[in-house]
Structures are given as structure tokens and as C-alpha cells.
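Only the coordinates and a few stated rules stand behind these numbers; no lab work does. Note that the structure is a prediction, hence the values are computed from the model and not measured. Note: ideal-geometry Cβ built from the backbone for every residue, glycine included; neighbour counts use all protein chains shown.
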Amino acid sequence: ALHCGIVGLPNVGKSTLFNALTQATIAAENYPFCTIDPNIGVVPVPDPRMDKLADIVKPERVLPTTIEFVDIAGLVAGASKGEGLGNQFLGNIRETDAIVHVVRCFEDDNVVHVAGKVDPTGDIEVINTELALADMASVEKALQRAAKASKSGNKEELAKKQVLEKVAKHLDNGEPVRSLNLTEDELKLIKELCLITIKPTLYIANVQEDGFVDNPMLDQVADYAAKEGAKVVSVCAAIEAEIVQLEDDEKKEFLDELGLEEPGLNRVVRAAYELLNLSTYFTAGVKEVRAWTVLKGALAPQAAGVIHTDFEKGFIRAEVISYEDFIACNGEQGAKDAGKWRLEGKEYVVQDGDVIHFRFNV
Ligand code: GDP
């Protein structure tokens with residue numbers, strides 16, 4: 001499954017956020033290097049459409065789809081040279097599919113800041129510099145190999161060398177590889193490097209309870225992200241950690257008091273889902289209403305394969321009703337009567353919200 005790595009300097013609230021996301025209880029101690037092992041958390045994706053479907057279908061159970069987060073140990077300046085737990089966590093970041101970068105935008109004298117003061121832009125730059133340095137080291141090594149191998153006139157190695165030179169120059173200019181807009185072919189040539197700064201990235205501004213507006217620290221993150229075309233989600237991790245502890249009715253009351261419709265975590269999860277380029281389809285039967293995840297642009301057989309590989313192998317047709325039609329027609333029969341029920345083949349591109357029933361051979 002695709003997963004997001006949560007990165008950031010020590011003591012910015014990564015563990016607090018991760019724990020809230022997974023409702024797990026990993027120690028969030030107030031000192032650097034406490035989160036050593038990468039912790040994987042499987043997090044349900046909140047989607048109000050499921051409840052609407054359930055209102056109509058009245059299934060025995062409702063199952064959300066999930067997304068994985070990995071809590072990656074505190075990055076520090078010098079990590080790419082092996083400072084702190086440098087190499088270990090850089091390796092962990094390489095394995096992720098997207099990066100969720102947590103930035104401290106709260107003041108708290110009781111929580112030590114590794115650089116001595118809260119400085120969002122500086123903090124982001126420390127992390128991004130380490131990530132870029134790690135990429136530069138990989139690119140330089142690969143470039144040496146490609147230069148050597150291409151001497152014999154090997155076309156692929158020559159092409160690789162050219163891409164790597166372009167990437168090296170971009171990194172030298174202080175730009176992340178994701179902003180280089182490489183072609184599919186170029187990307188293929190450097191895929192094996194598992195570059196870090198090529199991964200889609202989103203910034204989480206961890207603010208104080210009252211820090212959502214008129215907060216210059218938050219503005220710094222917004223400015224930085226805007227330059228990269230990246231998204232920013234602001235949350236107060238400490239509050240989120242409290243909210244997840246509450247029973248449902250208490251939760252509602254607490255959110256009402258804060259003037260919120262839903263926990264801020266929902267925004268984090270949805271933004272991460274979007275970052276990974278994922279899309280949701282539903283199955284809706286009397287046994288269960290369930291949400292499933294596919295990559296955007298997935299074809300019907302691939303979507304079937306998410307449920308079971310046999311569904312993909314034996315795929316015949318997909319019975320499809322769009323979410324809007326399903327709701328508007330009050331369910332499958334209504335959609336059929338209204339001519340909104342479609343039989344789609346193996347070239348069908350699954351649309352977000354589709355309610356699907358697969359026909360397959362076993
Ligand atoms: P990590 O090192 O980035 O994983 O940071 P932690 O999640 O362990 O948090 C470090 C300290 O900051 C802990 O004492 C948290 O309780 C505290 N903390 C996290 N988020 C917030 C917040 O939004 N506001 C305040 N005041 N403290 C926070």
C-alpha cells in the first residue's frame with residue numbers, strides 16, 4: 001500500500017500528530033531522538049459519502065478505506081552526513097510515496113526547540129537541505145556509474161547520464177527534483193535512485209490552539225509552500241490528541257465549542273490521500289458498504305483487483321452507478337429505473353465516488 005512519511009525536526013509535534021492519527025500510544029517525550037523506529041500507522045479515511053450510502057442501503061456494517069502513515073525519527077542538521085540517526089531515517093524516507101512535513105508554529109517554553117527558537121522558514125530549510133543533500137549524494141554516485149558505463153556507447157547509460165546531469169544542476173540550484181517536470185521516460189531512468197525530493201510533499205503547520213489566524217509563523221509556512229506549489233494544512237496537534245481520546249458525544253460537544261465541523265485530522269488525512277493521487281470507489285451491498293482505494297485513472301479491472309486478485313483476473317464487466325446518481329435515485333433499483341445504471345468494460349476509467357458491482361469468472 002502507498003504510504004506517507006511524516007518528517008520534521010525533533011519536537012515539532014510529529015509523534016503527537018502520528019499518535020492522534022493512529023490513536024496509538026507511542027511515547028511523545030520531550031527530547032530529540034525519542035522516536036527512533038519508524039512506526040507505521042493504518043488510518044481510516046473519513047468520507048461522509050459512506051454514511052449517505054449506508055442511509056439508503058442499510059448494511060450490517062460500514063468500512064472506510066485506509067491510508068498508511070509512517071512516523072520518521074527526528075531529522076536534524078547534518079543528517080545526510082550521518083548525524084543523529086541520519087542514514088537510518090533517510091532510508092526510511094526513501095521507501096515512502098509522499099512526504100508530510102510537520103513544521104512547528106507554536107511557542108511553548110516547556111518544549112525545547114532544537115535550534116533554540118521557533119523559526120518555521122529556517123526549520124523547513126534545515127530539513128529540505130538535508131533531503132536535497134541526500135539526493136545529491138545518490139545522484140553523484142549514479143552519475144559516476146553512468147559516465148563510466150556510457151563510455152562504451154551504451155545508449156541507455158548515455159540517456160541516464162544526461163538526466164542525472166540535469167537533476168544534479170537542479171539540486172545545486174537549491175530546487176527539489178519534483179519541480180523539474182521530468183518526462184515519463186526520464187523518470188524511468190532515475191526511478192531506481194528513490195530520490196527523496198522527487199516525492200510529492202505537503203506541509204503541516206502545527207499551530208497553537210489560537211494560532212489559526214493572525215499567525216506570522218503560519219504565514220511563513222504558507223509563503224514557503226506557495227513558492228513550491230505545495231499545500232499547507234494547519235492543525236493543533238495537541239488538541240487533536242485530546243479529541244481522539246473523547247467518546248463520540250463528548251467529541252461532538254468539544255468540536256462545537258471550538259466551532260469546528262470535524263477534527264482537524266480529517267483534513268490531514270484527506271490532504272495526504274490527495275497527495276498520493278488516490279481516489280475512492282464504493283461497494284454497497286446489504287452486508288457492507290465499503291470504500292476502496294485506487295490510483296486516480298485506474299481501470300475497472302485494476303479496481304476489482306483491489307478487492308481480490310481473482311476479481312481482476314476473471315474480470316468480465318463492472319456494474320457502475322455514480323455516487324450522485326445513487327443518492328439522487330435512492331439506491332440501485334432507482335438508478336436502474338432512471339437509466340443511470342451502466343455496464344462498463346475493461347477500458348473503463350473508474351471515477352471518484354463510483355458505486356460498483358463487479359462481474360467476474362472464477
Ligand atoms: P516530535 O519530536 O516531532 O515527534 O514531537 P512530539 O510529538 O514528541 O512533541 C514534542 C512536544 O511538543 C511534546 O511535549 C508535545 O506534547 C508538544 N506539542 C506537540 N504539539 C503541540 C502543540 O500543538 N502545542 C503545544 N503547546 N505543544 C505541542
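Of all DSSP beta bridges located in the chain, what percent are antiparallel, nearest 5?
Values: 23 of 47 bridges.
DSSP beta bridges in the chain are roughly 50 percent antiparallel.
What number, in percent, do you get for the relative contact order of the stretch 297-360 if the mean sequence gap of Cα pairs under 8 Å and at least 6 apart is divided by its residue count? Write down the numbers at each step before the final one.
On the way: 104 pairs, mean separation 30.9, N = 64.
This gives 48 percent for the stretch 297-360.
Where Rh denotes the Kirkwood radius from the mean inverse Cα pair distance, what is Rg over Rh for the stretch 130-193? If you can, show how the numbers build up before the last one.
Numbers: Rg = 11.3 Å, Rh = 11.8 Å.
Looking at the stretch 130-193, the ratio lands at 0.96.
In deg cm²/dmol and to the nearest 500, what is the mean residue ellipticity at 222 nm of the chain if only DSSP H runs of at least 4 residues count, each as -39500 (n - 2.57), divided by the residue total? It would help to have the intermediate numbers written out before the result.
Details: 14 runs with 151 residues, N = 362.
Rounded to the nearest 500, the figure is -12500 deg cm²/dmol.
I'd like the GluC sites (Glu not before Pro) in the stretch 256-362 restricted to DSSP loop residues with at most 14 other Cβ atoms within 10 Å, sorted by number. Let's see the in-between values first.
Working: sites: GLU257, GLU261, GLU274, GLU288, GLU312, GLU319, GLU324, GLU332, GLU344, GLU347; in loops: GLU261, GLU347.
Of the GluC sites (Glu not before Pro), the ones in loops of the stretch 256-362 whose Cβ has at most 14 other Cβ atoms within 10 Å are GLU261, GLU347.
What list of ³J(HN,Hα) couplings, whole Hz, do you get for the stretch 40-46 from phi and the Karplus terms 6.51, -1.76, 1.60, once you set θ to phi - 60° and write x for glycine and proline?
Karplus-based 3J(HN,Hα) across the stretch 40-46 equals 9, x, 9, 10, x, 8, x Hz.
Using the Karplus curve 6.51 cos²θ - 1.76 cosθ + 1.60 with θ = phi - 60°, what ³J(HN,Hα) values do you get for each residue of the stretch 208-215, in whole Hz, with x for Gly and Pro?
5, 2, 9, x, 7, 10, 6, 10
Report, by chain and number, residues whose modeled amide H sits under 5 Å from the one on VAL233, excluding near sequence neighbours (fewer than 5 apart, same chain).
Residues meeting the amide H criterion: TYR203, ILE204, ALA205.
Take the residue pairs LYS81/LYS117; LYS227/LYS346; LYS52/LYS191; LYS148/LYS227; LYS141/LYS346 and return only those whose Cα atoms are more than 32 Å apart. Walk me through the numbers on the way to the answer.
On the way: LYS81/LYS117 24 Å; LYS227/LYS346 40 Å; LYS52/LYS191 41 Å; LYS148/LYS227 37 Å; LYS141/LYS346 43 Å.
Listed pairs above 32 Å: LYS227/LYS346; LYS52/LYS191; LYS148/LYS227; LYS141/LYS346.
How about LYS336: which aspartates and glutamates have a C-alpha closer than 12 Å to its C-alpha, ignoring those fewer than 8 places off in the same chain?
GLU319, ASP325
Remind me, relative contact order of the chain in percent, using alpha carbon pairs under 8 angstrom and six or more residues apart? Could you put the intermediate results ahead of the total?
Numbers: 661 pairs, mean separation 67.6, N = 362.
Worked out over the chain, it gives 19 percent.
Pick from VAL167, VAL57, VAL350 the residue whose mean-square fluctuation is largest in a GNM of the chain, springs joining Cα atoms under 10 Å.
In this elastic network of the chain, the residue with the biggest mean-square fluctuation among VAL167, VAL57, VAL350 is VAL57.
Where nothing but the Cβ of Lys and Arg (+1) and of Asp and Glu (-1) is charged, how large is the charge dipole of the stretch 130-193 around its Cα centre, in debye to the nearest 20? Could you put the intermediate results ahead of the total?
Values: 12 positive and 12 negative charges, 65 e Å.
Computed about the Cα centre, the dipole is about 320 debye.
In cubic angstrom, how much convex hull volume per residue do the alpha carbon atoms of the stretch 168-293 span?
On the way: hull volume 21.4 nm³, N = 126.
Hull volume over Cα atoms, normalised by residue count, gives 170 Å³.
Translational diffusion coefficient of the stretch 297-360 at 10 °C, 1.306 mPa s, Stokes-Einstein with Kirkwood Rh over Cα pairs, in µm²/s as a whole number. Intermediate results must be reported in sequence, preceding the final value.
Numbers: Rh = 11.7 Å.
Estimated via Stokes-Einstein, D reaches 135 µm²/s.
What do you get for Rg/Rh over the chain if you use C-alpha atoms and the Kirkwood form of Rh?
1.02
Express the relative contact order of the stretch 130-193 as a whole percentage, based on alpha carbon pairs under 8 Å and six or more residues apart in sequence.
Details: 42 pairs, mean separation 22.4, N = 64.
The normalised contact order for the stretch 130-193 reaches 35 percent.
For LYS231, project a label point 7 Å along Cα to C-beta. Then give me every residue of the stretch 184-214 with its amide nitrogen under 11 Å of that point.
201-203
I want to verify a result. In a Gaussian network model of the chain, Cα cutoff 10 Å, which of these has the top mean-square fluctuation: SER138, SER150, SER15?
Among SER138, SER150, SER15, the largest mean-square fluctuation in the Gaussian network model of the chain belongs to SER150.
Sort ARG49, ARG359 by Cβ crowding within 10 Å, fewest neighbours at the top. Walk me through the numbers before you get to the answer.
Values: ARG49 18, ARG359 13.
Least crowded to most crowded, the residues run ARG359, ARG49.
Can you spot the aspartates and glutamates whose alpha carbon is less than 14 Å from LYS58's alpha carbon? Ignore those fewer than 8 places along the same chain.
Here the aspartates and glutamates satisfying the reach criterion relative to LYS58 are GLU288, GLU332.
Where is the GNM fluctuation largest for the chain (alpha-carbon springs, 10 angstrom cutoff): ARG145, ARG270, ARG317?
Top of the fluctuation ranking is ARG145.
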